[in-house]
Amino acid sequence: MLSAKFSLFGARMRALNLTFVACLGAPVPGLAQGVEHGGTMSMVHTGDDVSAVAKVVGDACQIDVQGRPGKKFSPTHISVPSACKTLTVQLIHTGKKPKLAAGHNWVLVRESDVHATIADGLAAGPDNEWVKPGDERVIAKTAMIGGGERTSVTFDASKLSRGTAYTYFCSFPAHAEMMRGTLSID
């Protein structure tokens, strides 16, 4: 009974802290932070998972992805409309640590290729930003960036298949196992 009261007290304190921080306008971990990239983006928040639909501009699409402290991406799922011929992903590192201490990048592969791509990337080392040079399993990737930085990649989304499972991850050592998301063609 005593532990239940402390658990309830802790939950109430976390809610109050989140409300206070949100009022200050600071990003709040675990809450959907909609980011505009030339317009609006649809986001659905469930727990720590955030799904977003890439914004369509003609036959091109674009989306912002945050690389957040705690080895997390937001959104954790990207839906790409099948009308998209190209997709531009802008990665925003919301942390403060430099690239060499806790860099983030965005690497897209088929779900079945994730583990082998990560293993080969670790062997490739920091000079290659933890991605094997010329790896044909890599569909798209951004440069590795440090806290407060942004980078982007544009790739041919028309080559992605509806019904195929795609995963994106950060290839920085110790990030790849936790810092992942999924992408689908809808």
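Contact order for the range 76-186, expressed relative to its length and based on alpha carbon pairs under 8 Å spaced 6+ residues apart, stands at 42 percent.
Cross-link pairs exceeding 24 Å in C-alpha to C-alpha distance, out of Lys71/Lys99; Lys71/Lys132; Lys96/Lys132, comprise Lys96/Lys132. Here the simple spin-label model places points 7 Å from the Cα toward Cβ, and for Asp186 and Arg110 these points are separated by 2.4 nm. Simple spin-label estimate for Asp49 and Met178 gives 1.9 nm between the two label positions (7 Å along the Cα-to-Cβ direction from each Cα). Separation of the range 54-70 and the range 101-150, taken as the distance between their Cα centroids, equals 18 angstrom. Label separation (Ala124 vs Asp156): 2.0 nm, computed from points 7 Å beyond Cα along the C-beta direction. If all Cα-Cα distances of the range 47-107 are sorted into 10 Å bins from 0 onward, what percent lands in each bin, rounded to whole numbers? Pairs per bin, as whole percents: 22, 46, 25, 7.
Read-outs throughout are calculated quantities, based only on the coordinates presented, and are distinct from any laboratory measurement. Please read these numbers as outputs of a predicted model, since none were measured by experiment. Note that each Cβ is placed from the backbone with ideal geometry, even for glycine, and that neighbours are counted across all protein chains shown.
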